[in-house]
Amino acid sequence: MLELKNISKSFGDIVAVDDLSLRVEDGEFFVILGPTGAGKTTTLRIVMGLEKPDSGAVYYDGQEITHLSPPLRNFAFMFESHNLYPVLDVYDNLAFPLRSPLFRVPEEEVRKRVESIAAELHITHLLKRKVSHLSGGEQQRVALGRALIRKPRIYILDEPISSLDYKLREELQTEFKRIHEEYGITILSATHDNISAMAMASRIGIMERGRIIQVGTPREIYIDPVSVSVARIIGAPSMNFVECNLAEEKLFVEGDRDLPIPIASSTFRALKGRVGEQGKVLVGIWPESVLVSKEMNEGWLEAVVENVEYHGAERFVNLTLGEQSIKALLADEVNPQHGSEVFVNLSEEKLYFFSVDTGMRIYLK
Amino acid sequence: MADNDKKPGASPALVHSEEVLERFTKASDRVTMGRKTYGLSDRAFMFFFLLPSLFILLFLVGYPFITLIRSGFYNFSVLRAATPAKFIGVGNFTFILTDPFTWERFIFTGKFVILNVLVQFLLGVGIAYLLQKNFKGRSVVLTLILMPMMLCPIVVGLFWKYMFNTEWGIVNYILSIFGIGKVEWLARESISVYSVIIVDTWMWTPFMILLALAAFTAIPKYLYEAAEIDRASSWFKFRHITLPLSAPVLIIAVLFRMIDSIKAFDLIYTLTGGGPGSATQTLSFDLYKRAFQYFYTGEASAYGVILLLVIMSLSLIFIRYLNRLAAQNVRR
Amino acid sequence: MSTVRLENLKKYYGTVKAIDGVNLNVESRSFVVLLGPSGCGKTTTLRCIAGLEVPTDGKIYFDDRDVTGLSPSERNVGMVFQFYALYPHMSVLENITFPLRACRVPPKTIEEKVKEVVQIFQLKDLLKYKASILPPGDQQRVALARAVVRDPGVLLLDEPLSALDEKFREEMRSELGKLQKRLGITTIYVTHDQREAMALGDVIVVMRDGLILQVGSPQELYEHPNSIFVGNFLGTPGMNFVECRYEKGSLVLKGTSYRLKLERQDLIAHLVPYEGREVIMGIRPEYVHVDGKLKDGGLSLEVVAIEPAGRYRLIDFLIGEKVFRVRTDWELSLVPGRRVGLQMREDRLCIFDKESGRAVVS
């Protein structure tokens, strides 16, 4: 089990990691998800031993390893740029870690292992080829093989697939997941790609500006984000955020008295208690929870269609609600035209409330 | 770490044998935690490597330089080494700075440098602009153009001296074919300056061309494509894209040429010997005279120091401008 | 707004055929996306339309006017390059006014146009900054502003979102789509990202190896691909391809004992020549239904992995050696190892010829 306790690291006056604590259990696929510059790579480098934290400590299975040099930690690292040895062929690249003086594995066993890994990753036909003659996806597989071959305690992957094109990314995503499931290895990864994070991770840690703001399974975070940042990072497409005012026992879309969102009076009272009589609230709702219809129904709001986005398996429509933009998932039958008027339903049980000032979730219970 | 922590049916490649595991644990125990290196730190190592070079630098540059500054405050001549040097404080400096001859030389050098650099800049940039596009025989043309710069300055001065000879020089011969009378290139005071400038330009414009060409080539092609789409004319593109983006390199080139022009000696010595009279005497030449013709060593040392300060201040202005340009490029 | 027509366009670089006979009709005000893997010729086609490349053969027409021999400045197009190509040393304002200044447009007109464009792209606070120091998202807006400030007849975009972060791309994608509809400019957009293509395009042109494979609306291409390549290229996640043998009105899935009895008459009619032979069946993950109860004679497979995707899940199965993906909601409780029943929507089945990859029926 890997544990980080109160890790902080600054570069000059830029705070890269800010009092970060994290725990990765054995066999987990933990993904640190966050925008570029959040401090993910720095955190991984500290775990690897390539950087020393300014304060805090790193533990593995209870033993402190904060100052242990990288090769002794026996963690495998896979970079965004794969860093394969360009002059060696695939076989030698895979064999390299086993041939290091720390291991002194007999050549016969090296051969067995290399062939086995190559078969596992479907790269046996590439064994004799020079690394520079491989495609991006093939190189990534070799890098994966090189990381796997010495059975490290943890695999640390830094944006392992985000530089590949979309189709390749999908393939390798499945590959990672499969290897994780089959071998039960522990993986700590970092990426800004929320889709692959959700697909691969057993648990996700959302990181922004050097801090971890939420940890949970992909589903947990999706259902229950603790702040606007989290909701924004995890969704694809992103959650809708509508600025609303409290007034006259109702919740109004900001700027337009004629767009009241129907909520229970108990909800209104609870919200009032938090933000005050004339307070503002940021209302969040997932695009798939916004219902769209051409007909007017009770409690539904007017909106204008800006354009329709076709996403293959589903269609989304960009709407103007009052003066704000929201996105809704369209059901098969609905086919709105650009500029036309439609009606949307924002039903209360699908709403998330966030504070306008702090962006933190307002829990009404 | 359990040996079989892989689920049943797993590939053997991913499972360590007991033996290897044990060897590994022993190895990690052996190397101590926390200690970085044996013996010297990297820093100390670096210092010892530098020591010989530092020593030579100190001896061959540092010591003479200090001596030079010191000499400036004394009245003496190396010729008369027997006579003890007399300390005269800033006497040399005031003499030089109040001598009207010095100021004549100063103004002359100023005119010479400005004209010289200007001509070389315009020519250099112009030719580089034309050489940007790839045409047949471009590499041959480039090689030919660069040749003057490769020649030894003394040799260049000497053969141009012959070419410029009023009576039988080839330049006047060619001019006479077009019916133009003899020009006293090196003999007439008013013309001799321009002759020196012509030779210096002939020799050093390639330098300008090289740097300008490098700067121009560094500008990404897609900027010109965008400008094409934006319907910019060739001049508009040159004025708004090429020039501003190559400015840093061009400024450096101009600075180099400026310093070289102030220092100009070898060409002048071989072409005109400073003449006719003192018509082509730059500050450097004047310094040479005082140091190695009249052997006023103390005075010449002071002169050298003054000259150094002049060049340094000029360079400083340029460098500060360059720094300002660089600072503007820092990302938000 | 201009229409654009390409007639048998060819561009060869020595022996390399970048474009090998491209015919295309772009309607006024439409958003056309050139989509394909790198090296397919889409960027070359765009550059030919811009006038930055001279085609080896073929013609280009804007509004029925032959522009093939004209330089870019004579074509009245606006272009956003992949790396924006902003003039780095100029301020945002100078960048935007560059095209107008280059044409010697009177200052009053310049002021008006600038005001318009600043309003649309929300650049008021950025005007005085040097273009090179802006973050990529802002640079892109400036590049767009510069491209449209001259009211060009055609707007060309070369992978403008590729340099952006994933999340940001999504946002900018929506913005671009809305913008195009609002401005009503004929737009030709190059990308290798099929999600972008489907979200933005009115018409998608799939290219490969210098040729056009299929042209149509996103929906047409998604539901009725004319080849395995197109079926595979579009869609997230990709279409499932299963090797089958066609026997008397049924498809036998290779690697299983399952026989899919076909009801569709048009399918059966087209498959007559394939009696006893192997074909490739294509079905998208969202058109397969997962059932907790196993049906007799139905397809049942063991769950290999579950990939959460927010509002839905992707369930991975194995048919033979290949991964078979199914998209489903969170209703059913699933774990790896559980056996479930699968039903495929026959109306969404595509059948492809095994050798040529072309669609037999889709």
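None of the figures in this text is laboratory data; all of them are computed from the coordinates on show. Bear in mind the structure is a predicted one, so any value in this text is a computation, not a measurement. Note that we place each Cβ from the backbone using ideal geometry, even for glycine, and neighbour counts take in every protein chain shown.
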Inset, instruction - May I ask you to list, by number, the DSSP H helices of chain B whose Cα span along the axis is at least 20 Å and whose average Kyte-Doolittle hydropathy reaches -1.0 or more? - result: B:42-57, B:100-131, B:189-217, B:243-263, B:297-327
Inset, instruction - Apply 1/(1 + (r/R0)^6) to the Cβ-Cβ distance of B:Phe48 and C:Gln122, taking R0 = 41 Å, and write down the FRET efficiency to the nearest 0.05. - result: 0.10
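Filter the trypsin sites (Lys or Arg not before Pro) in the range C:113-201 to those in DSSP coil with at most 16 other Cβ atoms within 10 Å of their Cβ, and list the result.
C:Lys128
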Inset, instruction - Note down the net charge around A:Glu295, summing +1 for each Lys or Arg and -1 for each Asp or Glu among other residues with Cβ under 14 Å from its Cβ. - result: -3
Legend entry - Choice from B:Asn165, B:Asn92, B:Asn134 showing the highest fluctuation, given a GNM over chain B with Cα pairs closer than 10 Å: B:Asn134
Legend entry - Average partner coverage of A:175-188, which counts Cβ from other chains inside 10 Å: 3
Legend entry - 0 to 90° range, to nearest 10: angle between helix A:166-183 axis and chain A longest Cα axis: 70 degrees
Inset, instruction - For the range A:240-355, would you read off the P(r) tail past 24 Å as a percentage of all alpha carbon pairs? - result: 24 percent
Legend entry - Exercise: per-residue mean of other protein chain Cβ atoms within 10 Å, B:219-227: 6
Inset, instruction - Between B:Ser234, B:Ser246, B:Ser190, find the one with the highest GNM mean-square fluctuation for chain B; connect C-alpha pairs within less than 10 Å. - result: B:Ser234
Legend entry - Partners for B:Lys161 among lysines (Cα-Cα distance below 19 Å; same-chain residues under 8 apart left out): B:Lys182
Legend entry - Modelled label reach - C:Glu331, point 7 Å along Cα→Cβ, the range A:179-223 residues with backbone N closer than 16 Å: none
Inset, instruction - Between C:Ser257 and A:Val334, take the C-beta separation as r, use R0 = 41 Å, and let me know the FRET efficiency to the nearest 0.05. - result: 0.50
Legend entry - Under 5 Å, built H, 5+ apart or other chain: amide partners of C:Ala305: C:Asp316
Inset, instruction - Would you order C:Leu260, C:Leu144 from fewest to most other beta-carbon atoms within 10 Å of each residue's own beta-carbon? - result: C:Leu260, C:Leu144
Legend entry - Protection proxy ranking, peptides B:43-52, A:229-238, average beta carbon neighbours within 10 Å, highest first: A:229-238, B:43-52
Inset, instruction - Could you give me the percent of Cα pairs per 20 Å distance bin for the protein assembly as shown, shortest bin first, beginning at zero and ending with the bin that holds the maximum distance? - result: 10, 30, 32, 19, 8, 1, 0
Legend entry - Rounded tilt (10° steps) of C:166-183 against the dominant C-alpha axis of chain C: 60 degrees
Legend entry - Gain in span if fully extended, C:Asp209 to C:Val16, counting 0.36 nm per residue against the direct Cα distance: 68.5 nm
Legend entry - Mean separation of Cα contacts under 8 Å, 6 or more apart, over the residue count of the range C:4-233: relative contact order %: 29 percent
Legend entry - 11 Å beta-carbon shell around B:Phe106, net charge (K/R +1, D/E -1): -1
Inset, instruction - May I ask for the angle, rounded to the nearest 10°, between helix A:265-275 and the longest principal axis of chain A, with both axes built from Cα atoms and the value confined to 0 to 90°? - result: 70 degrees
Legend entry - Ratio of Rg to Rh over the range C:4-233 (Cα coordinates, Kirkwood Rh, two decimals): 0.97
Legend entry - Summed residue charge, Cβ within 12 Å of A:Leu246's Cβ, Lys/Arg positive, Asp/Glu negative: 0
Inset, instruction - Using Cα pairs closer than 8 Å and at least 6 residues apart in sequence, work out the relative contact order for the range C:220-326, in percent. - result: 23 percent
Inset, instruction - Return the lysines within reach of C:Lys322: Cα separation strictly under 17 angstrom, same-chain partners fewer than 8 residues apart disregarded; answer none if there are no such residues. - result: A:Lys167, A:Lys177, C:Lys254, C:Lys354
Inset, instruction - Kindly provide the GluC sites (Glu not before Pro) of the range A:233-318 that DSSP labels as loop, not H, G, I, E or B, and whose Cβ sees at most 12 other Cβ atoms within 10 Å. - result: A:Glu248, A:Glu249, A:Glu277, A:Glu295, A:Glu298
Inset, instruction - Show the residues, 5+ positions off or on another chain, whose built amide H is closer than 5 Å to the amide H of A:Ala313. - result: C:Thr236
Inset, instruction - Over the alpha-carbon set of chain B, work out the extent along each principal axis and list the three values in angstrom, largest first. - result: 104, 69, 40
Inset, instruction - For peptide C:83-89, compute the average count of partner chain beta-carbon atoms within 10 Å of each residue's beta-carbon. - result: 6
Inset, instruction - For C:Val360, list long-range residues whose amide hydrogen, built 1.01 Å from N in the peptide plane, is under 5 Å from its own amide hydrogen. - result: C:Ile351, C:Phe352, C:Asp353
Legend entry - MRE, 222 nm, helices only [DSSP H, n ≥ 4, -39500 (n - 2.57), over chain C, to nearest 500]: -7500 deg cm²/dmol
Inset, instruction - Give C:Lys128/C:Lys181; B:Lys221/C:Lys115; A:Lys5/A:Lys272; B:Lys86/B:Lys111; A:Lys250/C:Lys124 a once-over and call out the pairs whose C-alpha atoms are over 32 Å from each other. - result: A:Lys5/A:Lys272; B:Lys86/B:Lys111; A:Lys250/C:Lys124
Inset, instruction - Would you please name the GluC sites (Glu not before Pro) within the range C:218-300 that are DSSP coil residues with at most 14 other C-beta atoms within 10 Å of their C-beta? - result: C:Glu263, C:Glu275
Legend entry - Diffusion constant of chain A at 10 °C, which comes from Stokes-Einstein with the Kirkwood Cα-pair radius and 1.306 mPa s, µm²/s: 68 µm²/s
Legend entry - Most mobile of B:Phe112, B:Phe87, B:Phe265 in a GNM of chain B (Cα contacts under 10 Å): B:Phe87
Inset, instruction - Give the peptides C:59-70, C:328-339 in descending order of average Cβ contacts within 10 Å, highest first. - result: C:59-70, C:328-339
Inset, instruction - At 7 Å along the Cα-to-beta-carbon direction for both A:Ile223 and C:Asn8, put a label point, then send me their distance in nm to one decimal. - result: 6.3 nm
Legend entry - Pair-distance profile P(r), taking every C-alpha pair of the range B:192-332, with 10 angstrom steps and integer %: 10, 27, 28, 18, 11, 4, 1
Legend entry - Computed helical MRE - 222 nm, chain A, DSSP H runs ≥ 4 contributing -39500 (n - 2.57), nearest 500: -8000 deg cm²/dmol
Inset, instruction - Please give the per residue volume of the convex hull enclosing the alpha carbon atoms of the range B:101-189, rounded to a whole number of Å³. - result: 156 Å³
Inset, instruction - Could you order peptides C:99-106, A:34-41 by the average number of other Cβ atoms within 10 Å of their residues, highest first? - result: A:34-41, C:99-106
